Amino acid sequence: MPAAEILVEATNVSKEYRLGKTTIPALRGLSLDIRRGSFVIIAGPSGSGKSTLLNLFGCLDQPTGGSIRIAGQDVAKLGDAALSAFRARRMGFIFQSFNLVPVLSAYENVEYPLRLNRVPRPETKERTMTMLEAVGLEKHARHRPGELSGGQRQRVAIARALVTHPDLVLADEPTANLDSKTGARIVDLMHAMQQRSGTAFIIATHDEMVAARAHDVHKLHDGRLES
Amino acid sequence: MQDVILALRNIGRNRRRSLVTILAVALSCSGLALFGGYVSWAFRGVEEQTVGLYGHIQIYKKGYYANGGGDPSSYALANYDEIKTLLEHDPFIGPRLEFVTAQIIFNGMVTSASTHTATTFFGLGVFPSDDERLWQWNPYALFPARNLAINAPLFAGPSELADNDLEGGSLGTGLGRILRLDRPSEKMDGRKDASVSPEPVLPASAEVDLPFLTEQSETASKDEGGRATVELVCMPPDGGVPNVVTLGIRKVMPRATKEFDDQLIKLHIRHASALLFPGQPLHVTTVIILLRKSADTTAVTERLQTLFGEKKLDLETKTWTEIRPFYNQIRRMLGIIFVFVFVLLAMLVVFTIYNTQNAGIIERMSELGTLRALGVNRWGLWKILILEGLFLGLIGGIGGVLLGIAGDLFLRALEVVYVPPGVSFFARVEVLVLRHPAVLVLAFTGSLLCALISSAFPARRAALTPIVEALRHT
């Protein structure tokens with residue numbers, strides 16, 4: 001694979017957690033490359049290390065061993081401020097529990113990452129409304145998360161993840177809290193958005209329906225890749 | 001701006017908890033403002049009372065302050081007018097002067113020929129109108145005791161002294177009793193009434209029967225076209241036959257302490273001078289300076305010392321705080337109490353806001369983790385949480401300022417009175433919140449500072465919590 005096409009390059013990554021005197025390995029020497037614009041599924045049973053891997057790719061945690069390069073940047077070398085800015089510019093997140101800010105409206109939730117990136121106000125407004133239209137929630141812009149259904153909340157989360165035109169969107173069990181019909185619509189939406197934006201999606205799931213939509217499916221078991 | 005909106009909306013999230021916190025801050029802030037206002041009133045009250053008695057600076061012949069009490073004649077100043085002119089024309093002191101006056105302080109024996117009684121007394125000779133002016137010094141516009149209805153009997157009737165009444169004076173009620181001037185049958189005629197018990201007739205419960213005594217002196221005046229009189233006896237400076245003058249009693253009124261009440265006689269300074277230095281021009285023991293501002297006391301004292309050195313005058317000075325260390329003592333005591341109250345209220349505010357912030361942060365840990373994931377750095381998150389605490393302090397502080405002002409107005413309407421230490425009349429309790437806004441500024445700033453301190457620790461902890469750990473929080 002040409003180096004320019006590689007967005008995420010994980011080399012011999014391991015992650016251990018300490019519980020008192022016990023060390024629990026979550027990832028064991030995992031190596032994986034993710035291409036730009038790909039739609040990748042990380043599948044595996046509960047406790048296999050999916051969320052841990054996503055957290056490392058999302059620069060939310062540091063590996064115990066190995067290295068992770070994202071867009072050519074060794075993320076271990078970045079301090080908190082630089083890492084935060086890196087996340088704000090290059091990454092989007094979709095969580096199982098939607099994780100919207102409850103005191104902000106749908107519009108303000110989507111707008112928030114643009115404010116963090118200091119995008120000029122007129123552009124912020126235009127991009128936010130475009131994203132809300134893209135996920136079909138322009139009429140719910142003023143609604144707060146508490147006034148939206150689960151599917152609508154997840155669509156707001158997708159809009160928030162993509163509004164900054166990131167290189168990478170990480171979705172951890174995005175359909176786990178939704179019924180199957182809504183879950184299918186969300187997966188369709190993510191796929192369509194990925195096609196439209198060219199943004200790479202890495203989705204951790206154990207949902208077969210989600211896995212069926214992927215370019216690549218990587219199965220994890222006990223912290224190791226199976227495929 | 002986004003941070004401000006987020007912080008304000010988060011405050012509104014748990015309204016009851018935020019309201020209780022804001023109320024605690026407001027009550028603490030207003031409590032501090034009101035107590036600060038009271039302390040401020042007490043400081044000013046004691047200052048006005050002290051300066052009203054002693055002036056800002058007193059000038060004596062060198063050695064008088066330490067040794068002259070028992071021998072005023074040796075330390076008397078015969079050049080009062082010269083000293084006064086010197087002070088008024090000095091380019092530094094002159095513009096700072098309110099006025100200059102003088103006193104004679106001496107001891108002697110007082111006898112009443114009409115009641116065949118005698119006792120020692122403590123004499124204070126003053127210029128009547130200057131003494132009145134000094135007593136009425138009220139630079140902080142505190143409510144004048146004279147205007148209180150409860151003090152009316154005290155200030156009713158003739159004044160203690162008058163400029164044109166050289167031989168008039170006033171006594172303490174205790175001294176009046178000792179001289180048996182409170183007994184109707186013995187007041188004027190010089191004969192002892194056999195029907196009256198030889199024991200002094202004291203008012204019920206030995207309390208001051210002010211109207212009775214006042215009536216006595218007034219009635220006496222009407223009775224004989226004059227008034228009750230006593231004789232003041234003093235030893236002359238060079239020994240020999242004692243000097244005697246007659247004092248017409250204009251008024252009998254209570255004094256601040258039992259000692260003064262039983263001993264003080266206030267009289268015209270020229271009459272006192274005539275008693276101590278018969279046939280000589282005016283002599284004084286003390287020159288009193290009243291300044292426009294108390295803050296000038298030190299500078300003027302320094303200038304006086306220089307001036308006395310230049311003019312080779314054998315004089316010494318004492319400031320009002322040196323003469324009456326009580327002011328500094330009470331200032332220190334109230335200062336300590338104020339700091340104590342401040343610390344207590346500050347702790348209340350700190351713990352209340354800390355508790356609110358802590359609970360809010362624990363409840364919202366996952367949300368804070370999300371903000372971090374979206375790209376808010378540690379400092380940014382800390383800032384958002386600090387802003388929340390500051391807004392609690394700000395809203396509570398504004399509420400406290402308004403409550404403090406309301407408390408000031410309420411207390412004014414209530415007209416609470418009491419007898420302050422060291423005086424014989426009632427004073428209206430005031431809290432100088434509106435007239436001394438520094439206490440409001442202090443209480444408000446204190447609220448904000450406490451809010452900042454109490455928010456800093458939970459905010460720091462939240463900012464340092466690893467993102468994945470925060471996201472796992474439910």
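The values are calculated or read from the model by the stated rules, or taken from the named source; none is laboratory data. This is a predicted model, so every value here is computed, not measured. Cβ: placed from backbone, ideal geometry, glycine included. Neighbour counts: every protein chain shown. Note: accessible area is taken over every heavy atom of the protein model, side chains too, but ligands, DNA and RNA are not part of it. Shrake-Rupley method; radii C 1.70, N 1.55, O 1.52, S 1.80 Å.
So what is the relative contact order for segment A:107-212, in percent, with contacts set as C-alpha pairs under 8 Å and at least six apart?
27
If you count, for every residue in A:122-133, the Cβ atoms of partner chains within 10 Å of its Cβ, what is the mean?
Taking all residues of A:122-133 together, the mean is 0.
The protein assembly as shown: percent of C-alpha pairs farther apart than 47 Å?
Value for the protein assembly as shown: 49 percent of Cα pairs lie more than 47 Å apart.
Tell me, what does the Kirkwood hydrodynamic radius of segment B:118-167 come to in angstroms if you use every pair of distinct C-alpha atoms?
13.2
Let me check I've understood the local charge: for A:K125, count other residues with C-beta under 14 angstrom from its C-beta, Lys and Arg +1, Asp and Glu -1. What total comes out?
-2
Report, for chain A, the % of DSSP beta bridges that are antiparallel, rounded to 5.
Around 50 percent of the beta bridges assigned by DSSP in chain A are antiparallel ones.
Could you tell me the center-to-center distance, by alpha carbons, between segment B:242-272 and segment B:57-113 in angstrom?
18
Quick query: amide H of A:I203 versus all other amide H atoms, modeled in the peptide plane; which residues come in under 5 Å with a sequence gap of 5 or more or a different chain?
The answer is A:V40, A:I41, A:I42, A:A171.
What translational D, rounded to a whole number of µm²/s, comes out for segment A:87-168 from Stokes-Einstein when the hydrodynamic radius is the Kirkwood one over Cα pairs, at 25 °C and 0.890 mPa s?
200
Would you tally the net charge around B:L409, using a Cβ to Cβ cut-off of less than 13 Å, leaving B:L409 out, and scoring K and R as +1, D and E as -1?
Its environment carries a net charge of -1.
If you take each beta carbon of peptide A:74-83 and count the beta carbons of other chains within 10 angstrom, what is the mean?
2
Please report the carbon-and-sulfur percent of the accessible area for the protein assembly as shown; probe 1.4 Å, protein heavy atoms only, DNA, RNA and ligands left out.
Details: 17940 of 31720 Å².
Roughly 57 percent of what the probe reaches on the protein assembly as shown is carbon or sulfur.
With axes computed from alpha carbons, what is the tilt in degrees of helix B:378-414 against the longest principal axis of chain B, rounded to the nearest 10 within 0 to 90?
Compared with the principal axis, the helix lies near 30 degrees.
For chain A, modelled as a GNM with alpha-carbon contacts under 10 angstrom, which of A:M131, A:M209, A:M91 fluctuates the most?
A:M209
Hey, what did segment B:332-474 get for relative contact order, percent, Cα under 8 Å, at least 6 apart?
Dividing the mean separation by the residue count of segment B:332-474 yields 44 percent.
Under a 5 Å amide H to amide H cut-off, with H placed in plane at 1.01 Å, what residues pair with B:L77 once short-range neighbours are removed?
B:V284, B:T285
Under 10 Å, Cα contacts only: if you run a Gaussian network model on chain A, which one of A:V103, A:V13, A:V217 comes out with the highest mean-square fluctuation?
A:V103
Greater than 28 Å separation of Cα atoms is the criterion. Which listed pairs, B:K62/B:K84; B:K84/B:K293; A:K125/A:K219; B:K61/B:K293; B:K293/B:K318, meet it?
Correct reply: A:K125/A:K219.
Counting partner chain Cβ atoms within 10 Å of every residue's Cβ in B:344-352, what's the average? Numbers along the way, then the final one.
Numbers: counts 0, 0, 0, 0, 0, 0, 0, 0, 0.
Counting other chains' Cβ atoms within 10 Å and averaging over B:344-352 gives 0.
Compute the angle between helix A:121-134 and the longest alpha-carbon principal axis of chain A, please, reported from 0 to 90 degrees and rounded to the nearest 10.
80
Relative contact order of chain B, please, whole-number percent, based on alpha carbon pairs below 8 angstrom and at least 6 residues apart.
29
Report the Stokes-Einstein translational diffusion coefficient (µm² s⁻¹, integer) for segment B:237-386, Rh taken as the Kirkwood radius over Cα pairs, at 25 °C with viscosity 0.890 mPa s.
Numbers: Rh = 23.6 Å.
The diffusion coefficient I find is 104 µm²/s.
Restricting to the protein assembly as shown, what percent of DSSP beta bridges are antiparallel, rounded to 5? Let's see the in-between values first.
On the way: 58 of 86 bridges.
So the antiparallel bridges in the protein assembly as shown amount to around 65 percent.
Using a probe radius of 1.4 Å on protein heavy atoms only, what is the accessible area buried between chains A and B, both sides summed, to the nearest 100 Å²?
2100
Straight-line reach from B:K266: which lysines fall under 21 Å, measuring Cα to Cα and dropping same-chain residues less than 8 apart?
Within the straight-line cut-off, B:K266 pairs with B:K187, B:K251, B:K258.
Given the alpha-carbon gyration tensor of segment A:19-99, what are the semi-axes of its equivalent ellipsoid in whole angstrom, ordered largest first, with each equal to the square root of 5 times an eigenvalue?
Ellipsoid half-lengths, sorted descending, are 21, 17, 14 Å.
Net charge near B:E469: determine it from the other residues with C-beta under 12 Å of the C-beta of B:E469, scoring Lys and Arg +1 and Asp and Glu -1. Kindly include the intermediate steps, with their values, before the conclusion.
Working: positive: B:R372, B:R461, B:R472; negative: A:D61.
So the environment of B:E469 carries a net charge of +2.
By how many degrees, between 0 and 90 and to the nearest 10, does the Cα long axis of helix A:106-116 differ from the longest principal axis of chain A?
Approximately 60 degrees, to the nearest ten.
Dimensions of segment A:160-205 along principal axes (Cα, Å, largest first)?
Cα extents, longest axis first: 28, 17, 15 Å.
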